[in-house]
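A.B. asks: Sharing a structure with you now.
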Amino acid sequence: MDQIIVLMIAVATSVAVLTLISLGLAVIFGMMRVINFAHGEFIMLGGYATVVAAGQGLNIWIAILVAAPGYFGGDLSFGALMMVVGAFIQVQGPAVVYR
């Protein structure tokens, strides 16, 4: 019985994450009329940063808090790094595509 509850929580968490990602893509497409695949890329980079921080021995909850500003463009070190990466992609991405 406990395994069913844990499985239901895991499924609900996965559904919530996928719903947030798809809502973000829908909002960007609805407002800009452009499909922006970088949205998923930045979510993946934030998840990767969380895994790396946890792999270095940091508690998983602290690792999520450290990497979370990267998801939202916050002002901590990883958030600042993601803002620089995002700005570079925003400037150089269209230049490469439209050559």
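The values are calculated or read from the model by the stated rules, or taken from the named source; none is laboratory data. As the structure is a prediction and not an experimental result, all values here were calculated from the model. Cβ: placed from backbone, ideal geometry, glycine included. Neighbour counts: every protein chain shown.
A.B. asks: What's the number of the only condition in (1) surrounded by 10 or more Cβ atoms within 10 Å (Cβ to Cβ); (2) farther than 26 Å from Pro94 by Cβ; (3) not basic (Lys, Arg) that Leu23 fails to meet?
C.D. replies: For Leu23, the failing item is (2).
Here is a yes/no grid of residues against (1) in contact with a Gly (Cβ under 7 Å, 6 or more places away or on another chain); (2) modelled with pLDDT of 75 or more:
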position: Leu7; (1), (2): no, yes
position: Val17; (1), (2): no, yes
position: Ala54; (1), (2): no, yes
position: Ile60; (1), (2): no, yes
position: Gly73; (1), (2): yes, no
position: Leu76; (1), (2): no, no
position: Gln90; (1), (2): no, no
position: Val96; (1), (2): no, no
